[in-house]
1. I'd like the full set of residues that are in a helix (DSSP H, G or I) and either charged (D, E, K, R) or surrounded by fewer than 16 Cβ atoms within 10 Å (Cβ to Cβ) (or both), limited to segment 103-126.
2. Looking at Val191 and the list (1) in contact (Cβ under 8 Å) with a residue 60 or more places away in the chain; (2) surrounded by fewer than 19 Cβ atoms within 10 Å (Cβ to Cβ), which single condition is not satisfied?
3. So which of Phe179, Phe198 ends up being at pLDDT 80 or above, closer than 26 Å to Ala61 by Cβ and surrounded by fewer than 16 Cβ atoms within 10 Å (Cβ to Cβ)?
Amino acid sequence: MPVWIECLLAVGIVSAIPLASAVVLVIDPTVVRRAIPVLARLATGALIGAVLFDLIPDALAAGQRPVRVAGSLALGLVGFGLIDQAFDRLSASQRIVRLNFTGDILHNAVDGVLIAASFLANPSLGIVATLAVSLHELPRELGSLGIFLHGGLRPVRAYGLNALTGLAALAGAALTLAFGLRARGIATDIVPIAAGTFLYIAAALVRSTPRPRLIDATWIAAGLAITAVAGGR
């Protein structure tokens, strides 16, 4: 089988992970509403965990200097702050939805590039990369769905947006197959920027809670733990 077909099949599987969130569509709406605060806190922990246990380690492992990683992370934070200001006329919940959607698109596109580049280098390495990405995507995509619900979207629309972000991985893979391994270098440079965007979204979620409680910190810690275990770090 040609490597590009193997690659697209693998990325297609990763892109379908958000579809697992369809379970919310068969749950009683009352139960979903009660679960939204918990999902939002789990999402906060998952976002921070993705930064600490996935994105930053990957950037450092790719050879980026710590100073450069820190600068790129700051760029992501500041950049998303400016984007947030552009959404100034929207309510806080609507802003979180749009920021999360933008951050998910960026991160999934990078995942698609890295998987495709791995397949181009060595099909066996591509399979390993696909498994690694799939493991860390599962908790993060559930958290992403929680953010959409926390932002006031109905379950059907939240599910649709979550599924739509998965297509970014296919787009990133297609571009890599078209332009070759050079795209991997670009994607690696973007990884710490994506980390900055995740930190900004996590901070926005924390700010959206009027009176944070101990139970909130507990769920955030749970999100961190799940991401750490799923990432295998």
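The values are calculated or read from the model by the stated rules, or taken from the named source; none is laboratory data. Here the structure is a predicted model, which means the values were calculated and not measured. Using ideal geometry, Cβ is built from the backbone for each residue, glycine included, and neighbour counts are taken over all protein chains shown.
1. Asp104, Asp111, Ala121, Pro123, Ser124, Leu125
2. (2)
3. So the residue among Phe179, Phe198 that is at pLDDT 80 or above, closer than 26 Å to Ala61 by Cβ and surrounded by fewer than 16 Cβ atoms within 10 Å (Cβ to Cβ) is Phe179.
Residue-wise test of (1) closer than 23 Å to Pro155 by Cα; (2) at pLDDT below 85; (3) of a type outside the set (A, V, I, L, M).
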| position | (1), (2), (3) |
| --- | --- |
| Trp4 | no, yes, yes |
| Ala16 | yes, yes, no |
| Leu19 | yes, yes, no |
| Ala22 | yes, yes, no |
| Arg41 | yes, yes, yes |
| Ala50 | no, yes, no |
| Ile56 | no, no, no |
